[in-house]
Structures are given as C-alpha cells and as structure tokens.
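Working notes, beginning with the structure itself.
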Amino acid sequence: MTLPVEVTDVGAACAHVLLTADPRAKLMAARAVARDWRLGRLAHRFDAAMPDRPARPPLPELLPPGRMPRRGRIGSDRARIAMLHALAHIEFVAIDLAFDLVGRFGDGFPAAFVDDWLRVGSEEAMHFALLDRRLRQLGSHYGACPAHDGLWQAAEATAGDAAARLAVVPMVLEARALDITPATVARFEGVGDHVSAMMLRRIMTDEIRHVSAGTRWFCAETNRLGVDAPQHYQMLVRQHFRGAVKPPFNDSARRQAGLTEEFYVALAS
Ligand SMILES: [Fe+2]
Ligand SMILES: [Fe+2]
C-alpha cells in the first residue's frame, strides 16, 4: 500500500493513520507509515494537527465500560470469542495510541523516538491482525461484538503532556497487560485453545518491549526536566489516571521492561 501523495512528513503520516476508520485500511496505513519512515521517505516534521479522536468504523458498537455485557466462563466458544474480541479492540486502539504519540509529541524528541514508536505502532497492527485472524478461524471477526469505549480516555487526559502520556499509556496501561496476560494464557490453555494461548504469549514478548520503550523515553524526559523519574511518574499518574494501580503485579516482566518497583509500589498503597 502507498500513502496519499500529500503525505510527505511523519506528522501528517501519523494523522493519516488516525483518520483512517476501516480496520483493514488502518492496519495497512500503519505498516506503510512505519516502512516509509524506515526507508527515509518521510521528513522529520510535525506540522499536521492531530485529531482529538481517531476515526472509528461503524462496527464494533462502542459502549461505555459499565454497559459491556458480562463475558461468562471461558469454556464456551462465545466467551472465548468475546475475550479475543476485547483483546483485538485493545490492539486496534493501541495502533492509534502509538501514532498519536509520535504525531503529537514527536517534535520534542530526537528521531530515535519516532523509530521506536512507529515500530511499536506496526507491531500493534500486527497484533490486531493476528487476533482478527483468530476470530475468523472461530467463525467471528472484529466488529461482531460490542467494544469498550473507555480506552481513548487516557489519550485525552494526557493530550497536553508527553511525560504524562508515557506514564499513563505504556507505563500504566500496557504494564497492566503484562500483569494480566499470564492468567489469560492459562485460561486459554485450560480449555485446550493452545493456538490462542501461543498467540498471546508472542504478543506479550512484544508488549514487554513497548513498556520498556515507554520507561526509557519517560526517563529521558525526566532527565531533561531535571526531576526524579519515579516521583514524577507517581505525580503524573495520580493526576491523569482515574483507574487503580493495583497488585498483583508481574514484577519480573515489569523489571525486564525497566519498570522497577520504585515506580509503582507507592501508587498501590
Ligand atoms: Fe499490542
Ligand atoms: Fe503495545
């Protein structure tokens, strides 16, 4: 796939991904932007305004978190599909989160920041594609179930501050996925769905790198600001994140990503 001719810089390319609603087209656009950047075809410029909210396809129906249907036990095919659908939606939103991070905040960082987060964005697109393919193998597809509309809220709450965005998105939300995924893998294993379990394991190894990139760039930013990284993290999370940061934590996966206990333990008490 090729990007529209008017898209010549990386900021406009990121906005293009956010403004693409169709899932298949968004995933192709995400890959094309990452590839074109890698090949030096996009200028390191950020003039394009980023949309407040990304374009969304007509389906899935988006519901407020409190109105999501209960999933039931994972033993049934329906519950398994609902779980995979929820994960596919998280990956779909994660594509936009990565490209929004670059398009909105890239100007304040060196080109290596763009390298890292466009790679993350294309990995999120790949995760989405894997989960959608799995849904199709099970006779469903992305869009067939309702999805949770709360995920963009973290982006809105941190639209004005790069450090806050890094603290809340990769270092709280993606780190939370590291805490939860091993139990989800075990549940799929428990009902004999080894294909889905293996897929989630593979996704988790990528997600450790995403948390790691978040922590690394957060620390670069706190260094630049001359503030203490764990303390600044705690302050920003308290200020911008409404949910709870609570155990059980996957300390070893978090540690592999450089997100050590001095960051998050104080938030849990
Ligand atoms: Fe992902
Ligand atoms: Fe991720």
Residue satisfying condition, being within 30 Å of residue 186 (Cβ to Cβ) and of a type in the set (A, V, I, L, M, F, W, C), within set 59, 18, 84: 84
Looking only at segment 204-246, and only at residues there that are within 16 Å of ligand 1 (Cβ to nearest atom) and open to solvent by less than 10 Å² (accessible area, probe 1.4 Å), the one that is farthest from residue 173 (Cα to Cα): 213
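Residues of segment 30-41 being in contact with a Leu (Cβ under 7 Å, 6 or more places away or on another chain) and either in contact (Cβ under 8 Å) with a residue 60 or more places away in the chain or surrounded by 22 or more Cβ atoms within 10 Å (Cβ to Cβ) (or both), which ones? Outline the logic, then answer.
Narrowing segment 30-41 to residues in contact with a Leu (Cβ under 7 Å, 6 or more places away or on another chain): 32-34, 36-37.
Scanning segment 30-41 gives 33, 34, 37.
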Candidates 89, 127 - the one that is over 17 Å from residue 12 (Cα atoms), within 16 Å of ligand 2 (Cβ to nearest atom), in contact (Cβ under 8 Å) with a residue 12 or more places away in the chain and touching a strand residue (DSSP E or B) at 6+ places or on another chain (Cβ under 6 Å): 89
Residue, farthest from residue 197 (Cα to Cα), within segment 92-117, restricted to residues that are within 13 Å of ligand 2 (Cβ to nearest atom) and among the aliphatic types (A, V, I, L, M): 101
Answer yes if at least one residue in segment 70-79 is touching a Ser or Thr at 6+ places or on another chain (Cβ under 8 Å) and more than 16 Å from ligand 2 (Cβ to nearest atom), and no otherwise. no
For segment 160-173, how many residues are crowded, with 21+ Cβ neighbours inside 10 Å and either within 16 Å of ligand 2 (Cβ to nearest atom) or of a type in the set (S, T, N, Q) (or both)? 8
Pairs where the first residue, in segment 132-148, is on the phi > 0 side of the Ramachandran plot and the second is of a type outside the set (D, E, K, R) and open to solvent by 20 Å² or more (accessible area, probe 1.4 Å), C-beta under 7 Å, 6+ apart: 143/59
Filter segment 227-259 for residues that are of a type in the set (S, T, N, Q), closer than 21 Å to residue 208 by Cα and assigned to a helix (DSSP H, G or I) and give the result. 234, 252, 256
Any idea which of 176, 187, 134, 104 is of a type in the set (Lys, Arg), open to solvent by 20 Å² or more (accessible area, probe 1.4 Å), under 21 Å from residue 22 (Cα atoms) and in a helix (DSSP H, G or I)? 134
Taking the residues in segment 81-128 that are within 18 Å of residue 44 (Cα to Cα) and aliphatic (A, V, I, L, M) as candidates, determine which candidate is farthest from ligand 1 (Cβ to nearest atom). 111
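The values are calculated or read from the model by the stated rules, or taken from the named source; none is laboratory data. This is a predicted model, so every value here is computed, not measured. Every residue, glycine among them, receives a Cβ derived from its backbone with ideal geometry; neighbour counts consider all protein chains shown. In case anyone asks, the SASA skips ligands and DNA or RNA and just uses the protein heavy atoms, side chains included. Shrake-Rupley method; radii C 1.70, N 1.55, O 1.52, S 1.80 Å.
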